[in-house]
Amino acid sequence: MSPRTGGVLAAAKRWALPIALAIGLRALTLTPGLPYIGYVDEGHVLHPTAELLRSGSWDPGWYGYPPLTFYLISSAAKGVDFVERAVTPGRSLVQEIPSRDEVFTPAGRLYDIVGPTDLIVTGRFVMLFLGVGTVLVSGLLGSALFGWRTGWVAALIVACCPSFVHRGSLVMVDTPATFFVTLALYLVARFRRPDRDIRDILPQRAHVLAFGAGLAAALAAASKYSAVVLVPVAVAAVLAVAPTLSRATRTVLALGAGLLTGLTLGAPTFALRSHEIVGALGMQAWLYGTYEVTPSYWRTAVQPYELGVPLLLCAIAGLWQMLRRSDQRATARTWLAFAALLTLPLLRFAFQPFRNLLPLCPLVAVAGAHFLVGSFERPEGDRAAVSARWIGIVAGVAVALSFGVGILRFHHSLVRRDSRVEAIDWLAQRVQPGDQVLVLRDLAILPSEIRRLPARTRVVTCKRLKKIAASAPSAYLVVGGPQGGSTARDGVVAGCAPLSLASEIASFGSVPTPLYSDSWRTNLEALRILKTIDPASLSPSPEPPAFQRPF
């Protein structure tokens, strides 16, 4: 066995456990909710992706997010489509995408009408791959800075951290943004790693690292707009160790070439649709100002289903140790600068979803791992060595327990079957080919699900459903549940059925149907199945007794 092969096998064994845990835990979110989306943000990514696949264009037509994530999933979907066509003639992922007429209605876009299932699963596998990549790159970052033990612990933390586990393979732009941010900071660390003998680095290698850092930073910005703040941080970090002006100039040129390449490949819309992007960012800022108030980023971070108090305390201690050491101080300042630039613009909004700070989580993991591993690496003669080891043991156990609580809470909260699937399953077992089923369009039930019913099924508006049901002698009506605070008879869509001649025979879910069609219905949308009653089959009411005047 050659030394190179032996080194590859040793590295594979080293990272096997963190990667295996990452795959196993993130696979929990591959199937829940199918064939519907399982997270509010999945539609914002999959709708533009579906449009790219329909049109074959590079322009998604929607600019609320940069297009790189759309490009990655659509490329993977084309590969799946090619395999499906070759293996199963007549089947095609692209051809099964719902048409624009099925998605867009006069009342607006039906947010939940996205698919087919293969497209959602493909997107989730792309997220799974990037999530596992983040685990590996986090480990490499820790190894480059503090040694392989710290890198291994950092990879293990990222693999099991609830912040990553409960988002798992769900389709969102934050996952690729986090991967590319971590990759860029790893390449910056590699560039800076030999800063004590920077003059002896081969210029070609330094330029490759600078180009890679610029490329990764650009791809991070092409995944999520807010990640663009990494660019000045990366530029400052690599320039700080350039020994001469000419070396600094060449470094900036290499990094700039990487930035230009990344933006050209990952976000051509930045140059060709800049006006639309500015408008989309303004709209997004306005929406953030109108959304409901959420707990602050810090209050969310300390919860066990995100980072948890033990890991945050370890990270703070590890960062403090970095700031105290001259050879690590520059890296700590780079991380703090990036964290400040990413976080401060978001604090002006009362709506603070923690996913916006997901790119910071690998840095928290590396800093926490640095503290944990460092507590066991004190010299034997050091009087504080024993105390430090005990502190490390207690801190490690606390982090593990916090992660366990967060993962268990997430596992219990998973919605594995959508209420609309349950309703269609119930109907499919009971309706006959001659029966009539009327489905309210606002429920956003997928066309592929409707086709599973053996009866004559029509998807209609509220007004149309009411009109047809009034004249139908017998029909099944699928309508929504009531809004909060209302009764079962006066819900927002209950008026679509002539309740005086219909009785409820089944119900599913608990979340009221949103008033706006372009809103996510969740996987627990409240559905009611009613059965109309033929007036002719009703027994006539007895005549009241005649009133007799007493004598």
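Only the coordinates and a few stated rules stand behind these numbers; no lab work does. Only a predicted model underlies this, so the values are computations on that prediction, with no experimental measurement involved. We place every Cβ from the backbone using ideal geometry, glycine too, and count neighbours over all the protein chains shown.
Using a Förster radius of 60 Å, what is the FRET efficiency between I533 and A10 based on their Cβ-Cβ separation? Nearest 0.05, please.
So, using R0 = 60 Å, E works out to roughly 0.20.
In nm, give the distance between the simple-model label positions of Q95 and L346, each being 7 Å from the Cα along the Cα-to-Cβ direction.
Taking the two extended label points, one gets 4.3 nm.
Compute the Cα gyration tensor for the stretch 274-409, then decide on rounded, prolate or oblate, letting a ≥ b ≥ c be the square roots of its eigenvalues: rounded whenever a/c is under 1.5, prolate when a/b is larger than b/c in the other cases, and oblate in all that remain.
oblate
Relative contact order (percent) for the chain, with alpha-carbon contacts under 8 angstrom and 6 or more residues of separation?
About 15 percent, as a whole number.
Please rank I505, I113, fewest neighbouring Cβ atoms within 10 Å first, as an exposure proxy.
Values: I505 13, I113 23.
Ordered from fewest to most neighbouring Cβ atoms within 10 Å, I505, I113 come out as I505, I113.
Answer with a single label: of (1) 28.6, 126; (2) 24.4, 75; (3) 35.5, 123, which was calculated as Rg and Dmax of the Cα atoms in Å from the structure in view?
(1)
Any chance you could give the angle, 0 to 90 degrees and rounded to 10, that helix 68-87 forms with the longest Cα principal axis of the chain?
70
Counting alpha carbon pairs within less than 8 Å and at least 6 residues apart, what relative contact order, in whole percent, applies to the stretch 173-272?
Relative contact order, the stretch 173-272: 36 percent.
Take K463, K78 and order them by how many other Cβ atoms sit within 10 Å, fewest up front.
Fewest to most other Cβ atoms nearby, the residues stand as K463, K78.
Amide H of T294: which non-local residues (sequence gap of 5 or more, or other chain) have their own amide H closer than 5 Å, using H built in the peptide plane?
F351, Q352
Counting only GluC sites (Glu not before Pro) that sit in a DSSP loop (anything but H, G, I, E, B) with at most 11 other Cβ atoms within 10 Å, what is the longest stretch of the chain containing none of them?
Excluding the exposed sites themselves, the longest stretch runs over 1-291.
Within the stretch 399-428, find all residues whose amide N lies under 13 Å from a label point positioned 7 Å from the Cα of A107 along Cα-to-beta-carbon.
Taking a point 7 Å out along Cα→Cβ of A107, no residue of the stretch 399-428 has its backbone N under 13 Å.
Hey, what do the phi angles of the stretch 268-281 turn into as Karplus ³J(HN,Hα) couplings, whole Hz, using 6.51/-1.76/1.60 and θ = phi - 60°, x for Gly and Pro?
Ordered by residue, 3J(HN,Hα) equals x, 5, 4, 8, 9, 9, 5, 5, 5, 5, 4, x, 5, 5 Hz.
When a/c reaches 1.5 or more, the comparison of a/b and b/c decides; with that in mind, is the stretch 173-272 rounded, prolate or oblate per its Cα gyration tensor?
It comes out prolate by the Cα gyration axes.
When DSSP beta bridges are limited to those with both residues in the chain, what percentage is antiparallel, rounded to the nearest 5?
Roughly 60 percent of the DSSP beta bridges within the chain come out antiparallel.
For the stretch 1-136, what mean projected area does the convex hull of the alpha carbons give, in nm²?
If I average the Cα hull's projected area over directions, I get 11.1 nm².
Expressed as an acute angle from 0 to 90° and rounded to the nearest 10, what is the orientation of the C-alpha long axis of helix 42-55 relative to the principal long axis of the chain?
Roughly 80 degrees between the two axes.
Which cross-chain or sequence-distant (5 or more) residues have an amide H under 5 Å from the amide H of R456, H modelled 1.01 Å from N in plane?
Result for R456 returns D435, V437.
Can you work out the Karplus-derived ³J(HN,Hα) for every residue in the stretch 403-411? Use 6.51 cos²θ - 1.76 cosθ + 1.60 with θ = phi - 60°, whole Hz, and x for glycine or proline.
With the stated coefficients, the stretch 403-411 comes to 4, x, 4, x, 5, 5, 4, 4, 4 Hz.
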